[in-house]
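Trainee: My questions all concern the structure below.
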Amino acid sequence: MAQKASEKGQAGAGAPAVTEPGRVRNVVLVGHSGSGKTTLVEALLAATGTITRAGGVTDGTTVTDHDPAAIRQQRSVALACAPLSHQGVKVNLLDTPGFADFVGELRAGLRAADAALFVVSAVDGVDDSTVALWEECAAVGMPRAVAVTRLDHPRADYGQALQDCQAAFGDNVLPVFQPVPGEAALIGLITQRVLDYTGGYPPRVRESAEPLGADRDTLIEGIIAESEDETLMDRYIGGEPVGPDVLIPDLEKAVAKGNFYPVVPVCSYTGVGLDALLDLLVSGFPSPLEHDLPTVTGVDGSPRPRLTCDPDGPLVAEVVRTTIDRHVGRVSLVRVFSGTLRPDQTLHVSGHGLAERGHPDHDADERVAHVYSPLGAQLREVGCAIAGDLCAITKSGSAETGDTLSAKDDPLLMRPWRMPEPLLPIAVVAKTRSDEDALAKNLARLVAGDPTLRLERNPETHQLVLWTMGESHADVVLDRLRSGGVELDTEPVRVALRETFGSGAKGHGRHVKQSGGHGQYAVCDIEVEPLPRGGGFVFVDKVVGGAVPHNYIPSVEKGVRAQLEKGIVAGYPVVDLRVTLYDGKAHSVDSSDAAFQTAGALALRAAAENGRITLLEPVDEIEVRVPESYVGAVMSDLSGRRGRPLGSESGGTGEASLVRAEVPATELVRYAVELRALTSGTGTFSRRYLRHEPMPPQLAESVRRG
């Protein structure tokens, strides 16, 4: 729940003030679930006096895991911002979930940040999903560093974790500090000084008495290789000493450019390495001035000049996360890319390009009453937010995640970042009619804040389907719906099957009723012939001699069409057939439009009894991207799903391989979960509908019985 800092009493310092972009660092913490990201954020906040004491994940008292679902699951489920101040620089820490279901929150964090801190556990090392995230950051040139955490754990192995990082991330991943064996201390490989945490944080500094040897040489050579001073390597090889006053500035430049990736060992509970990490965040990571800004256009798509991170430039900001608080209303976490966002300012809110996700294009002018600096759920009011900074605004009526905020008199549009496709469907139904309105309202709020959630009302199965990223994502979504006062159930997702005639047949429809007074009389005879897939429905009139009066022929067709929509043997629409009306009877008094509609439906059902009905299932083309080592397992699994492989393409060095196949949609309902388990979280896939094909007889029979 969003609340003012004074209400919670947790903040130990006010919101950091910043007046120039060069004094801002936006850092997203990345790593697998359980690596210690949230605990590290708590430790950094406490070390800088931002909070009076560090909370705990198991206690549900951390700043960034304030979502009720995160507290219950004891893991992050949403992006959260936690600013701190160090050496006069404001550092916006963006804590992201490590579980693959919440990759949308991670993508939002990457969009809002200028650098990424990879958090790796000294117990668990590097998993495949973390490697994939490293490659994603590399693709956009984002500067990176590594913090190796949980040094205090009995099974911690810093040396092995470092080797894992170097094997997974490359040769330019080098430690700048190393733990001192048997001590709560680190030694700086550049300064050759020991940071002794035996007495707690901050450390006592002393000179090292031990030579550092090859580890220091490797680091120095790595820094010199990235130096802009082309003479430095020759001088170093020639025996000239290279001091920290030269190495540290070159290291910081290489890190900011994304060419060098320092490793810092840290322990959140003992404070080991926290000061070294803070110095790295401030001195090594780039400011927003050094980060290229996303492309902007006019709202109509017209080109505009490229933006710079200038507080005096045109206002362009982006909503990177939206939450709906029951007390405060809509809370938008905003990254300001250009200009200055001030209270009592009228903004243009523009969202385009996400209509297929349930976010129709929209434009509106809205007034911002207040601007806040968020500290987790706390909102601390500030005078403004300048270019490069992160802030929060509340009570916007239309702002959704991914929307652009700009000046009312100069509306601009920023292209949304790439959103992952939700591929796990969950069918929901309100328990009572009175819950239906509450369900609709709460779903609209959730979809507005979560672009990875897609809402669909399937016109064929008549189910309300939430497309989610996976089981954990689905659990969080359902939990939020229920906490909003909605009583709901889930039900199995039904795949939109269809029926057709497997052979020609004739049907006789007779609807005759005499119950006193005006009766009902209609008789018709039809012939049904199957059409090729995609042939649709064709109705042919071959009645001769007026056996069926001309004005009742459309009634027969209407009755046949109504029965086609209802289905015949399993309740699915009937497709791809030609129906020929060739005979019938009418009564001068008792025949009517309704009677011939009924007779037409009866004739089609009679033809089905005389012929053979085939169930059709949708077939999708899917593309699966996995590391080369999983290609065989994926292809074998697809074959077990009645899939027809279309081929595979091997990826280049560090790139995923692509497997293509045609697979029945009935086999893909839970594929998002099963692929993740099969590929240790590294596999992704996309799908598109191809056609409907006959279902195998044994499966069709089970559907009929069910």
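The values are calculated or read from the model by the stated rules, or taken from the named source; none is laboratory data. Note that the coordinates shown come from a computational prediction; the quantities given were computed from them, not determined experimentally. Cβ placement follows ideal geometry from the backbone for every residue including glycine, while neighbour counts extend to all protein chains displayed. For the accessible areas, the whole protein counts, side chains as well, though only heavy atoms, and no ligand, DNA or RNA atoms are used. Shrake-Rupley method; radii C 1.70, N 1.55, O 1.52, S 1.80 Å.
Trainee: How many percent of the accessible area of the stretch 67-113 is carbon or sulfur, using a 1.4 Å probe?
Mentor: Values: 620 of 1190 Å².
Carbon and sulfur together cover 52 percent of it.
Trainee: Consider the candidate values [x] 1.10; [y] 1.51; [z] 1.03; state which one is Rg/Rh (Cα atoms, Kirkwood Rh) computed from the structure displayed.
Mentor: [x]
Trainee: How would Ile324, Ile220 rank on accessible area, largest to smallest, probe 1.4 Å? Present the calculation step by step, with values, prior to reporting the outcome.
Mentor: Numbers: Ile324 65, Ile220 5 Å².
Sorted by accessible area, descending: Ile324, Ile220.
Trainee: Can I ask one more? Run the 1.4 Å probe and let me know the accessible area of Glu565, rounded to the nearest 10 Å².
Mentor: Probe radius 1.4 Å; accessible area of Glu565 about 140 Å².
Trainee: Enter the accessible area of Phe285 (Å², nearest 10), with the probe set to 1.4 Å and all protein chains included.
Mentor: For Phe285, the solvent-accessible surface is approximately 0 Å².
Trainee: Across the stretch 442-536, what fraction of all alpha-carbon pairs, as a whole percent, falls in each successive 10 Å bin from zero upward?
Mentor: Result, from short to long distances: 11, 26, 17, 15, 17, 13, 1 percent.
Trainee: A follow-up question, please. Take the Cα pairs of the stretch 128-243, get the Kirkwood Rh, then feed it into Stokes-Einstein at 4 °C and 1.567 mPa s and tell me D in µm²/s. All intermediate terms of the calculation are to be shown ahead of the outcome.
Mentor: Details: Rh = 16.4 Å.
Reported coefficient: 79 µm²/s.
Trainee: Calculate how steeply helix 103-112 sits against the longest principal axis of the alpha-carbon atoms of the chain, using the helix alpha-carbon long axis, and give the answer as 0 to 90 degrees to the nearest 10.
Mentor: 50 degrees
Trainee: Using only alpha carbon positions, build the gyration tensor of the stretch 491-602, then give the equivalent ellipsoid semi-axes as the square roots of 5 times its eigenvalues, largest first, whole angstrom.
Mentor: Largest first, the stretch 491-602 gives 28, 17, 10 Å.
Trainee: What is the calculated FRET efficiency for Thr61 to Glu460, with r their C-beta to C-beta distance and R₀ = 60 Å, to the nearest 0.05? Provide the component values of the computation, followed by the final result.
Mentor: On the way: r = 48 Å, r/R0 = 0.80.
Here the calculated transfer efficiency is 0.80.
Trainee: Hey, if you put +1 on the Cβ of every Lys and Arg and -1 on every Asp and Glu Cβ in the chain, which of Gly301, Val538, Tyr689 ends up farthest toward the positive end of that dipole?
Mentor: It is Val538.
Trainee: Rounded to the nearest 5, what % of DSSP beta bridges with both residues in the chain are antiparallel? Don't skip to the answer; put the middle values down first.
Mentor: Details: 117 of 147 bridges.
Rounded to the nearest five, the antiparallel share is 80 percent.
Trainee: If you don't mind, there's one more thing I want to ask. Give me the 1.4 Å probe accessible area per residue for the stretch 401-528, excluding ligands and nucleic acids, in Å².
Mentor: Counting only protein heavy atoms, the per-residue value for the stretch 401-528 is 45 Å².
Trainee: Then there is this: For the stretch 388-446, what is the convex hull volume of its Cα atoms per residue in Å³?
Mentor: Numbers: hull volume 8.9 nm³, N = 59.
Expressed per residue, the convex hull around the Cα atoms of the stretch 388-446 is 151 Å³.
Trainee: If the cut-off is 27 Å between C-alpha atoms, which lysines fall inside it for Lys431, apart from same-chain ones fewer than 8 positions away?
Mentor: Once the sequence-local lysines are set aside, what remains near Lys431 is Lys441, Lys566.
Trainee: For helix 631-640, report the angle its Cα long axis makes with the longest principal axis of the Cα atoms of the chain; keep it between 0 and 90° and round to the nearest 10°.
Mentor: 20 degrees
Trainee: Ok, one more. If you fit an axis through the alpha-carbon atoms of helix 274-283 and take the longest principal axis of the Cα set of the chain, what angle between them do you get, 0 to 90°, nearest 10?
Mentor: In the chain, helix 274-283 runs at an angle near 80 degrees to the longest axis.
Trainee: While we're looking at this one, here's another question. With every protein chain left in place, what is the accessible area per residue of the stretch 177-296 in square angstrom, probe 1.4 Å?
Mentor: Result: 47 Å² of accessible area for each residue.
Trainee: In straight Cα distance, which aspartates and glutamates are under 19 Å from Lys506, not counting same-chain residues fewer than 8 positions off?
Mentor: Cα-Cα hits under 19 Å: Asp525, Glu527, Glu529, Asp541, Glu557, Asp576, Asp583, Glu609.
Trainee: What figure, in Å² to the nearest 10, do you get for the accessible area of Ser592 with a 1.4 Å probe and non-protein molecules left out?
Mentor: For Ser592, solvent-accessible area is about 40 Å².
Trainee: Further question on the same structure: How large is Rg/Rh for the stretch 543-623, to two decimals, with Cα atoms and a Kirkwood Rh? Show your work: numbers first, answer last.
Mentor: Working: Rg = 15.5 Å, Rh = 14.1 Å.
The Rg/Rh ratio comes out at 1.10.
Trainee: Ignoring any ligand, DNA or RNA, what whole percent of the accessible area of the stretch 198-350 comes from carbon and sulfur when the probe is 1.4 angstrom?
Mentor: With neighbouring chains kept in place, the figure for the stretch 198-350 is 50 percent.
Trainee: Going from most exposed to least, what order do Glu42, Glu674 have by accessible area with a 1.4 Å probe?
Mentor: On the way: Glu42 0, Glu674 75 Å².
Order by accessible area, largest first: Glu674, Glu42.
Trainee: Given labels modelled 7 Å from the Cα in the Cβ direction, how far is it in nm from Leu699 to Thr270?
Mentor: 5.7 nm
Trainee: Reachable lysines from Lys257, Cα under 18 Å, same-chain residues fewer than 8 places away excluded?
Mentor: Partners found: none.
Trainee: Report in % the part of the accessible area of the stretch 579-706 that belongs to carbon and sulfur, leaving out ligands and nucleic acids; probe 1.4 Å.
Mentor: Working: 2940 of 6020 Å².
Percent of accessible area from carbon and sulfur atoms in the stretch 579-706: 49.
Trainee: Just report the Cα centroid separation between the stretch 453-516 and the stretch 681-699, whole Å.
Mentor: About 18 Å separates the Cα centre of the stretch 453-516 from the one of the stretch 681-699.
Trainee: Taking the Cα centre of the chain as the origin, how large is its charge dipole in debye, to the nearest 20, when only Lys and Arg (+1) and Asp and Glu (-1) carry charge on their Cβ atoms?
Mentor: That gives the chain a dipole magnitude of about 2720 debye.
Trainee: Per residue, what accessible area does the stretch 584-668 have, given a 1.4 Å probe and all protein chains present, in Å²?
Mentor: 43 Å²
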